[in-house]
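Structure first, then comments.
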Amino acid sequence: MKVLFINPSVGYYTRALSNPLGLLSIATYVKQNGHEVKLEDRCVNKSNINKLLDSFKPDIVGVSLMSSRGLVDAEKVSKAARAKGIPVVWGGQMPSLQMEQVLALDIVDYISYGEGEETWLEMMNALESGRPFSEIQGLAYKENGKTVVTPCRKFADLRDMPVSDYTLIDPPKYMQTYLGCKKMMYIYSAKGCPCRCAFCSNQNFHKSTYRKRPNEYVMEEIRYLIENHGADGFFFSDELWVVKRADLVDFCQKVHESGLKFQWGIELRIGMFEEADYQMLYDAGCRWIFFGIETGSKEMQDIVHKNIDYSKIAPTFEVLNRIGITTIASFIIGFPDETTKQLKDTVRLLNTIKANLTPVFHFTPIPGTELYDKVVANGTYKAPKTLKAMSKVVATESLGVNLSAVPSVDLRVIRSWYLWKSFSNKSALQEHGSFEFAKETILNGLHSISLKGPVNFFIDGFKALYEFLYIFWFSHAYPKIIKKYDLDKTYD
C-alpha cells in the first residue's frame, strides 16, 4: 500500500525550520514494514498538491500538525485528497489535543492521536487486508455525527523503532548556520519529559513520560548525516535531553569512540549536573545548552510548577561560561494574572544570570495544558472554534492575547528588548567572532525565505523586514518602560 505523508507549510516563520522529525520516524517505520512511502515537506518544497496526488496515487494521506501554524495549508491538502476519494488522517500534537475541534471542521476522516508509528502501520495493514479502522487503537473519527475515540495506545519501546531513514527527505534543505556550525541539523534522542509544567502540553501528549532512544541509533544517524551530507552540528530537539547521568556519560563516550568531529547542543534543567559533567559534555563537542527558566518570580514559579532551585541558576551559568559552553536561558512573560512586580522579578533574574542568549516569549494558552484549561474554565480566554480563528493563534512569538495584569505594550517592549540585545550583542556567543549571532540570524532568515521561490521570497522578505522594524521600535521607542523595569541595568 502507498501512503503520502505531508508536512504542511507554516508560512513565514521567524525561527529556522527543523526537519519533520516525528513524521520522518513514522514514515521510516511504515516503509521498513513493507509499504511504499513518500514524505513531502511543504515548508521547503511547496509543490502542486493535485499533481503530486495524481503522480504518486496514494491509498491514504497523512498530515502532521505540531501546532495551528499549518492549518491553512493542511486544509488545502485535505480537500484536494478527499476530492479524489483518498482518505485523510491528521496526526501530531495539535489534532491530538483538539480532536473535537478538528473533527468538527469536517475536512479529515481520522485523527491519529498520540504516538503514531504503530498506529500508522496498523492502518496500512488494515487497508491491505480490509480490516476496519475501528479496531485500531489511537484513532478518533466521526460516526453518525458522534465522535468515536478508540482506546489509547501504549507508548512504544523506542528500541523497537528504527533508525530514521534520511533518504526520505533532502537534509541540506534543513541545514543552517547556528552558534558556529555551518551545517547544523535538528535530531532527537528522547521523547517526553517527566515534568508537569502548567504551560506545557507534555502532560497530555506524552503523559509526563520520558523515554530514551538507544545512543547507538542516534550515533548512526549522526554518522550518516556527516558522511553523506557534510553536517557539522546537531541540536537535540528533545524536551529534556537526559534524566540520568549514565546516559550523559554513555553518549559522550560514544562520541569519542566514533571518531566523528561535530558540535552539538541540548536542552537541560537547572541543577541536574555538576561542573565535571559539563566539562565532559564540552570535551565531547557540546557547545550550547538551552535552559527553560521561564520566570524569576517564586510566586509565579509555584503557579506554573517549574520547580527550579533559584540558588543554582547563577552558579550554573558561571560554570558554563568558564568552560566555554554557550548558554541560552528562555523566559516566558505575560502568564495569566502576572503582575508588574512579578515581571520585574523576572527582568532582574534575566539581568543577573549572565546567560549568553536570553530569548523571551509571550505566554500563549496552548490546548492540552493546565493553564489553558484554567483560563477557558474561568472565562478569561475564549477558545477559537473555526479553522480561521485557530490558524491565527501563533504561540509564543506574538502577543495574541494578554491575560496578565501587565499592559500589553510593556510585554512587547520587554520581549523586543531582549531580542535586540541578543541580536546586537557584539560578543554574545562563546568562542565566536564579533556579532556572530546577528550574522547567523540574517543568513538563516535568507535561507528559509529562499526555499519558497521568487514570489514568496519578496512576501516573506517584507514580513522579515517588518518584524525587524517592530523589534527595533519596541526596544528603543519606550524609554519610560525601559526605566520602569530596569531593562538596561546589570547586576554583579
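Filter the stretch 96-154 for residues that are under 22 Å from Met1 (Cα atoms) and among the charged types (D, E, K, R) and give the result.
Across the stretch 96-154, the qualifying residues are Asp109, Glu115, Glu117, Glu118, Glu122, Glu128, Arg131, Glu135.
Could you give me the residue pairs with C-beta distances under 7 Å whose first residue belongs to the stretch 54-81 and is of a type in the set (Phe, Trp, Tyr), whose second residue is modelled with pLDDT of 95 or more wherever it lies, and which are 6+ apart or on separate chains?
Phe56/Lys2; Phe56/Leu4; Phe56/Lys38
Take residues that are under 30 Å from Gly265 (Cα atoms) and touching a Ser or Thr at 6+ places or on another chain (Cβ under 9 Å) and tell me which of the strands (runs of 3 or more DSSP E) falling wholly in the stretch 107-223 contain 3 or more. So that I can check it myself, show each step before the final result.
Values: elements: 110-112, 139-143, 146-149, 176-178, 181-187.
By residue number, 181-187.
Name the pairs: first residue in the stretch 26-52 and under 19 Å from Ala81 (Cα atoms), second residue open to solvent by less than 10 Å² (accessible area, probe 1.4 Å) and part of a loop (DSSP other than H, G, I, E, B), Cβ to Cβ under 7 Å, at least 6 apart or on different chains?
Filtered contacts from the stretch 26-52: Arg42/Pro8.
Which residues, taken from the stretch 43-71, are under 11 Å from Phe5 (Cβ atoms), of a type outside the set (Ser, Thr, Tyr) and under 25 Å from the mean Cα position of the chain (by Cα)?
Scanning the stretch 43-71 gives Val61, Gly62, Val63.
Please determine, by comparing only the residues of the stretch 333-351 that are in contact with a strand residue (DSSP E or B) (Cβ under 7 Å, 6 or more places away or on another chain) and outside any helix (DSSP H, G or I), which one is farthest from Lys312 (Cα to Cα).
Gly334
What is the residue count in the stretch 126-162 for residues that are open to solvent by 30 Å² or more (accessible area, probe 1.4 Å) and either touching a residue at least 60 places away in the same chain (Cβ under 8 Å) or closer than 24 Å to Leu225 by Cα (or both)?
We begin by selecting, within the stretch 126-162, every residue open to solvent by 30 Å² or more (accessible area, probe 1.4 Å); these are 127-132, 134-135, 137, 142-149, 151-155, 157, 159-160.
Imposing the further condition that a residue be either touching a residue at least 60 places away in the same chain (Cβ under 8 Å) or closer than 24 Å to Leu225 by Cα (or both) reduces the set to 127-128, 159-160.
The number of residues fulfilling the criteria is 4.
Among the residues of the stretch 121-147, which ones are touching a strand residue (DSSP E or B) at 6+ places or on another chain (Cβ under 9 Å) and either under 15 Å from Leu65 (Cα atoms) or polar (S, T, N, Q) (or both)?
Ser134, Thr147
Has the stretch 36-46 got any residue that is of a type outside the set (A, V, I, L, M, F, W, C), surrounded by fewer than 16 Cβ atoms within 10 Å (Cβ to Cβ), farther than 26 Å from His206 by Cα and at pLDDT 95 or above?
So far as the stretch 36-46 goes, yes, one or more of its residues are of a type outside the set (A, V, I, L, M, F, W, C), surrounded by fewer than 16 Cβ atoms within 10 Å (Cβ to Cβ), farther than 26 Å from His206 by Cα and at pLDDT 95 or above.
Quick check on the stretch 360-380: of everything there that is assigned to a loop (DSSP other than H, G, I, E, B) and open to solvent by 30 Å² or more (accessible area, probe 1.4 Å), which residue is nearest to Ala464 (Cα to Cα)? Break it down stepwise before answering.
So in the stretch 360-380, the residues assigned to a loop (DSSP other than H, G, I, E, B) come out as 363-369, 378-380.
Still in the running and open to solvent by 30 Å² or more (accessible area, probe 1.4 Å): 366, 378-380.
On the way: Ile366: 25, Asn378: 37, Gly379: 35, Thr380: 32 Å.
Looking at residues that are assigned to a loop (DSSP other than H, G, I, E, B) and open to solvent by 30 Å² or more (accessible area, probe 1.4 Å), I get Ile366.
Of everything in the stretch 317-351 that's out of contact with any helix residue (DSSP H, G or I) (no Cβ under 7 Å at 6 or more places or on another chain) and of a type in the set (D, E, K, R), which residue is most open to solvent (accessible area, probe 1.4 Å)?
Applying the filter and picking the extreme gives Arg322.
Failed condition for Lys354, given (1) farther than 28 Å from Gln98 by Cα; (2) open to solvent by 30 Å² or more (accessible area, probe 1.4 Å); (3) in a helix (DSSP H, G or I), with all others met?
(3)
What tally of residues in the stretch 89-101 results from selecting those that are on the phi < 0 side of the Ramachandran plot and either surrounded by 24 or more Cβ atoms within 10 Å (Cβ to Cβ) or in contact with a Leu (Cβ under 6 Å, 6 or more places away or on another chain) (or both)? Working first, answer last.
Start the filter on the stretch 89-101 by keeping residues that are on the phi < 0 side of the Ramachandran plot, which leaves 89-91, 93-101.
This time we only want the ones that are either surrounded by 24 or more Cβ atoms within 10 Å (Cβ to Cβ) or in contact with a Leu (Cβ under 6 Å, 6 or more places away or on another chain) (or both), so: 89-91, 94-96.
Residues flagged as on the phi < 0 side of the Ramachandran plot and either surrounded by 24 or more Cβ atoms within 10 Å (Cβ to Cβ) or in contact with a Leu (Cβ under 6 Å, 6 or more places away or on another chain) (or both) within the stretch 89-101 amount to 6.
For the stretch 266-290, how many residues are of a type in the set (A, V, I, L, M) and part of a loop (DSSP other than H, G, I, E, B)? Quick ask: steps written out before the conclusion?
At the first step, the residues of the stretch 266-290 found to be of a type in the set (A, V, I, L, M) are 266, 268, 270, 272, 276, 280-281, 284, 289.
Imposing the further condition that a residue be part of a loop (DSSP other than H, G, I, E, B) reduces the set to 270, 272, 284.
Within the stretch 266-290, residues that are of a type in the set (A, V, I, L, M) and part of a loop (DSSP other than H, G, I, E, B) number 3.
Which members of the stretch 233-261 meet the condition of being assigned to a loop (DSSP other than H, G, I, E, B) and over 21 Å from the mean Cα position of the chain (by Cα)?
Taking the stretch 233-261 and keeping what is assigned to a loop (DSSP other than H, G, I, E, B), we get 237-244, 259-261.
Matches in the stretch 233-261: Lys244, Gly259, Leu260, Lys261.
Those residues that are surrounded by fewer than 20 Cβ atoms within 10 Å (Cβ to Cβ) and among the hydrophobic types (A, V, I, L, M, F, W, C), I need them from the stretch 169-204; list them, please.
Passing the criteria: Cys195, Ala198.
Confirm whether Ile86 is surrounded by fewer than 22 Cβ atoms within 10 Å (Cβ to Cβ), within 23 Å of Lys388 (Cα to Cα) and aliphatic (A, V, I, L, M). Give the derivation first.
Numbers: surrounded by fewer than 22 Cβ atoms within 10 Å (Cβ to Cβ): yes; within 23 Å of Lys388 (Cα to Cα): no; aliphatic (A, V, I, L, M): yes.
No; evaluated as a whole, the condition is false for this residue.
Please find, among Val375, Val393, the residue that is within 19 Å of the chain's Cα centre (by Cα) and β-branched (Val, Ile, Thr).
Working: Val375 fails: within 19 Å of the chain's Cα centre (by Cα).
None of the others qualify; the one that does is Val393.
Read through the list (1) outside any loop (DSSP other than H, G, I, E, B); (2) among the polar types (S, T, N, Q); (3) more than 23 Å from the chain's Cα centre (by Cα), then give the number of the only condition that Ser96 fails.
(3)
The values are calculated or read from the model by the stated rules, or taken from the named source; none is laboratory data. Since the model is a prediction, treat every value here as computed from it, not as a measurement. Ideal geometry is used to build each Cβ from the backbone, glycine not excepted, and the neighbour counts take in all protein chains shown. Ligands, DNA and RNA are stripped out before the accessible areas are found, and what is left, the full protein with its side chains, is counted by its heavy atoms. Shrake-Rupley method; radii C 1.70, N 1.55, O 1.52, S 1.80 Å.
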